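Participant: I'd like to ask some things about the structure below.
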Amino acid sequence: MAWTIKYSDTALKELKKLDKGVAKEIVEYLDDKIAALEDPMTAGKAFSGALATYWRYRVRDMRVICYVDKGEVTVLVLRVGHRSEVYDDEKRIASKIAEDIDSLQNVIQEEKRKKKTAEQENRKDQA
């Protein structure tokens, strides 16, 4: 089963701030290793506390905070940062992550709606 990797705006901004080699290594790790897994929760670790519903992956000294949406077969990358900084202010992070998840789920729903509309249009054209 191939998982889709999606990035929040926050994660994209954080990736752009990183050294290009490190950012590339993180993206390749997610695309090549995590997306190919049958269950992305077999790699990485679960959080506890306020971030208990999220998952984290380690790439060198960097941490990637994700939300694994099994229903959509999607790994939503929410935060990327150095291990010494990425966990600062847990409550603020949890709040921002919740906003990012809502935003990304809206994008997924919109993509589904467009796909369904396109399929309906194709059926009308073929009839």
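Participant: Once amide H atoms are placed 1.01 Å from N in the peptide plane, what residues at a sequence separation of 5 or more from Y7, or on another chain, have their amide H within under 5 Å of its amide H?
Facilitator: Placed amide hydrogens put V77 under 5 Å from Y7.
Participant: Sum -39500 (n - 2.57) across every DSSP H segment of at least 4 residues in the chain, then divide by the residue count to get the 222 nm mean residue ellipticity, nearest 500. Display every interim value, and only then the final one.
Facilitator: Numbers: 3 runs with 55 residues, N = 127.
So the calculated ellipticity at 222 nm is -14500 deg cm²/dmol.
Participant: A further question on this structure: Can you work out the base-10 log of I(q)/I(0) for the chain at q = 0.13, 0.14 1/Å, using the Debye formula on its C-alpha atoms alone?
Facilitator: After summing over all Cα pairs, the log10 values are -0.56, -0.63.
Participant: Between K116 and E85, what is the spin-label point distance in nm, taking each point 7 Å from the Cα along the Cα→C-beta axis?
Facilitator: 4.2
Laboratory data are not the source of any read-out in this text; all were calculated from the coordinates shown. None of the values given here were measured: they were computed from a predicted structure. Backbone-built Cβ (ideal geometry, glycine too); neighbour counts: all protein chains shown.
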